[in-house]
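Visitor: Shown below is the structure under consideration.
The values are calculated or read from the model by the stated rules, or taken from the named source; none is laboratory data. Everything numeric in this text was worked out from a predicted model, so none of it was measured. Glycine also receives a Cβ, built like all others from the backbone with ideal geometry; neighbour counts cover every protein chain displayed. Heads up: the accessible areas ignore ligands, DNA and RNA and are worked out on the full protein's heavy atoms, side chains in. Shrake-Rupley method; radii C 1.70, N 1.55, O 1.52, S 1.80 Å.
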Amino acid sequence: MTPLFRHKSEEDRASESARTEAAERDQQRAEESRRRVEAGGLPLAAEERLRQLASAEGGRGLFSSDLSVQEFSLLAGFGVRPLTQVMGSSIYNVGWQPVYFNVPTEVTVLSGAFNECRRLALDRLTEEARLAAADAVVGVKIEQGAHDWAAGAIEFIAVGTAVRLAPHMRHPDGGTVLTDLTGQQFVQLCKVGVRPVGIAAHTSVQYVPATWQTMQATSGGLFGAGGANQELGDFTQGVYAAREKAVGAAANQARRLGADGLVGVQITQHSRTHSVRRGMYDSEDLEVTFHVMGTAVREDSTLADSHASAKPLSVISLR
């Protein structure tokens, strides 16, 4: 007969104790990672992996990059070495603000959410690069996401390739430089005495209530104002207002970085309308969102290659 109860062996008790301790350690690590993320930092696993990569520098550990074969070959000739791909991510809940306004205004809750979410993503990208002992992150791309399980949230994911630069290309203060330029473009600028010093980016969301003229123009009808070609001046002005806010804020960031200008500026704009009833009339108001991002640069004659020309370095695929 098989006994209903049996005593656990020493080996069974040791195995069960080890599993319990491992589960407790995993729980503690998960809690520590959560606290780090809430403070704007990185999870433990990401930090440990990057520190291990940096400690293996002398052994030239395995690297990863999104560089093409042609670009990798070109950069190797200029002393630029890829270390690893790095990432920064943030999912951010958008707070409440009245949606409809009677005068043109910036929707500060939306603008602030976009800008803070991007800042957190870029800060985490920078932290990953710093832990990997990188001098720069090239080819930074920011993708905006959304989730059906969090309709009121926005997400930014920043990715790029962390690289080790030749000594003369490194930032004087030893910091890690972010750029949305390719590695090839980074080297090209350095060779003509222009130093990339960081990324400048900003978002502005502008709400534009339709004026009476716009309501008439968009109301349709054979004999109404909507039957004639005409500019919707208030909506046009709203687009300009969003653009000026975003570009102006990005320019101020560049100045704080000590830059002379911005290159590779990317502008993304999208609009949507809101159906509003004002008194007895229906209105289609406009909401305009402007995203601006570029690389801040400044002249630095110490970088210039005496043999460099103004001709661009090009990699052409013959396939």
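Okay, residues lined up against (1) under 23 Å from residue 108 (Cβ atoms); (2) surrounded by 16 or more Cβ atoms within 10 Å (Cβ to Cβ); (3) in contact with a Pro (Cβ under 9 Å, 6 or more places away or on another chain):
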| residue | (1), (2), (3) |
| --- | --- |
| 228 | no, no, no |
| 232 | no, yes, no |
| 241 | yes, yes, yes |
| 244 | yes, no, no |
| 254 | yes, yes, no |
| 263 | no, yes, yes |
| 269 | yes, no, no |
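Visitor: Is it true that residue 199 is assigned to a strand (DSSP E or B), crowded, with 21+ Cβ neighbours inside 10 Å and within 16 Å of the chain's Cα centre (by Cα)?
Guide: Numbers: assigned to a strand (DSSP E or B): yes; crowded, with 21+ Cβ neighbours inside 10 Å: yes; within 16 Å of the chain's Cα centre (by Cα): yes.
So residue 199 passes the test.
Visitor: A further question on this structure: Only one of 258, 220 is modelled with pLDDT under 80, open to solvent by less than 60 Å² (accessible area, probe 1.4 Å) and part of a loop (DSSP other than H, G, I, E, B); which? Quick ask: steps written out before the conclusion?
Guide: Details: 258 fails: modelled with pLDDT under 80.
Matching residue, one of 258, 220: 220.
Visitor: Still on this structure, please answer the following. What number of residues within the stretch 302-312 are modelled with pLDDT of 50 or more and either exposed (fewer than 14 other Cβ atoms within 10 Å of the Cβ) or over 22 Å from residue 199 (Cβ atoms) (or both)?
Guide: Number of matching residues: 5.
Visitor: Let me ask something else. Consider the stretch 170-213. How many of its residues are of a type in the set (Asp, Glu) and under 15 Å from residue 265 (Cβ atoms)?
Guide: So the count comes out to 1.
Visitor: Taking the stretch 61-91, which residues are under 30 Å from residue 145 (Cα atoms) and part of a strand (DSSP E or B)?
Guide: If the condition is that a residue be under 30 Å from residue 145 (Cα atoms) and part of a strand (DSSP E or B), then 82, 83, 84, 85, 86, 87, 88, 89, 90, 91 are the ones that fit.
Visitor: Another question about this same structure. I'm trying to understand the selection: among the residues of the stretch 1-42, which are part of a loop (DSSP other than H, G, I, E, B) and either surrounded by 10 or more Cβ atoms within 10 Å (Cβ to Cβ) or modelled with pLDDT of 70 or more (or both)? Quick ask: steps written out before the conclusion?
Guide: Taking the stretch 1-42 and keeping what is part of a loop (DSSP other than H, G, I, E, B), we get 1-9, 39-42.
Matches in the stretch 1-42: 8, 9, 39, 40, 41, 42.
Conditions (1) within 17 Å of the chain's Cα centre (by Cα); (2) aromatic (Phe, Trp, Tyr); (3) open to solvent by less than 30 Å² (accessible area, probe 1.4 Å); (4) farther than 28 Å from residue 290 by Cβ, marked per residue:
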site	(1), (2), (3), (4)
111	yes, no, yes, no
115	yes, no, no, no
135	no, no, yes, yes
187	no, no, yes, yes
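Visitor: Take residue 319 and decide whether it is under 30 Å from the mean Cα position of the chain (by Cα) and modelled with pLDDT under 90.
Guide: Here the answer is no, as residue 319 does not meet what is asked.
Visitor: Go through the stretch 139-171 and report how many residues are at pLDDT below 85 and part of a loop (DSSP other than H, G, I, E, B).
Guide: Qualifying residue count, the stretch 139-171: 2.
Visitor: Return the residue satisfying two criteria in turn: it lies in the stretch 278-301 and is open to solvent by 30 Å² or more (accessible area, probe 1.4 Å) and assigned to a strand (DSSP E or B), and of such residues it is nearest to residue 246 (Cα to Cα).
Guide: Applying the first criterion (open to solvent by 30 Å² or more (accessible area, probe 1.4 Å)) to the stretch 278-301 yields 278-282, 284, 298-299, 301.
Narrowing further to those that are assigned to a strand (DSSP E or B): 278, 281-282, 284, 298-299.
Values: 278: 30, 281: 32, 282: 30, 284: 24, 298: 21, 299: 24 Å.
This residue is 298.
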